[in-house]
Amino acid sequence: ATAPPPPEGLAVASRGEPIPTVRLPDLQGREATLPADYAGRPVLVNFWASWCGPCIEEMPELDRFAASQGGTGVQVVGIALDEPDAVREFLRHTPVDYPILLDVAGPADSGVQLGNVRGVLPFTALVDAQGRLVKQKIGPFEHGEVDAWAAH
């Protein structure tokens with residue numbers, strides 16, 4: 001599948017470079033800003049949707065990884081490219097303890113800004129403590145894979 005090219009002028013991250021500032025609401029409508037809200041910590045940003053089977057399968061693994069990081073390790077942030085009501089309903093059945101932000105899928109969404117120009121889900125980006133893009137992964141993490149992948 002091919003996605004339309006990103007709109008002219010949209011900032012798209014390149015590996016080794018600072019990511020563009022992304023401002024998105026959480027499920028309570030509070031705005032979060034990446035990477036500034038987690039400055040000084042690496043951030044694993046996972047893009048998902050409630051209708052994406054592989055996304056759903058990897059969420060318990062991401063939640064386990066997030067819990068293992070404590071308050072100073074890698075911060076996991078999920079960005080749902082989905083409808084808020086669908087996300088709330090999904091999280092009632094599959095809760096996670098890491099922050100979930102909301103975005104609308106499209107050619108200029110935050111996933112595209114972090115390098116997922118094809119719009120494939122799940123998509124994960126690792127941002128270092130200085131806000132630079134370190135790695136990207138298309139597809140789900142297998143059990144235990146995220147630990148080594150995030151240890152940049």
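Read the figures in this text as sums done on the coordinates, not as results from a lab. Because the structure is a prediction, the values reported are computed rather than measured. In this analysis, Cβ positions are derived from the backbone assuming ideal geometry, glycine residues included, and neighbour counts consider all displayed protein chains.
A few points about this structure:
- When the Cα convex hull of the chain is projected onto planes of every orientation, the mean area is 8.4 nm².
- Relative contact order, whole percent, for the range 1-101 stands at 27, derived from Cα pairs under 8 Å and 6 or more residues apart.
- Karplus-derived 3J(HN,Hα) values for the range 64-80, using 6.51 cos²θ - 1.76 cosθ + 1.60 with θ = phi - 60°, are 4, 4, 4, 5, 6, 8, x, x, 10, x, 5, 8, 8, 10, x, 10, 8 Hz; glycine and proline are entered as x.
- Computed from backbone phi with θ = phi - 60° and the Karplus coefficients 6.51, -1.76 and 1.60, the 3J(HN,Hα) list for the range 44-59 is 9, 9, 10, 9, 8, 8, 5, 8, 8, x, x, 4, 4, 5, 8, 4 Hz; x is used for glycine and proline.
- Note that the range 112-121 has calculated 3J(HN,Hα) couplings of 4, 4, 9, x, 8, 5, 8, x, 7, 10 Hz, one per residue in order, obtained from phi through the Karplus relation 6.51 cos²θ - 1.76 cosθ + 1.60 (θ = phi - 60°); glycine and proline are x.
- Those residues of the range 72-87 whose amide nitrogen sits under 20 Å from the label point placed on residue 33, 7 Å along Cα→Cβ: 75-79
- If you run the Gaussian network model on the chain, springs between alpha carbon atoms under 10 Å, then out of 70, 139, 111 the most flexible one is 70.
- In this structure, the amide hydrogen of residue 82, modeled 1.01 Å from its nitrogen in the peptide plane, lies closer than 5 angstrom to those of 103, 105, counting only residues at least 5 positions away or on a different chain.
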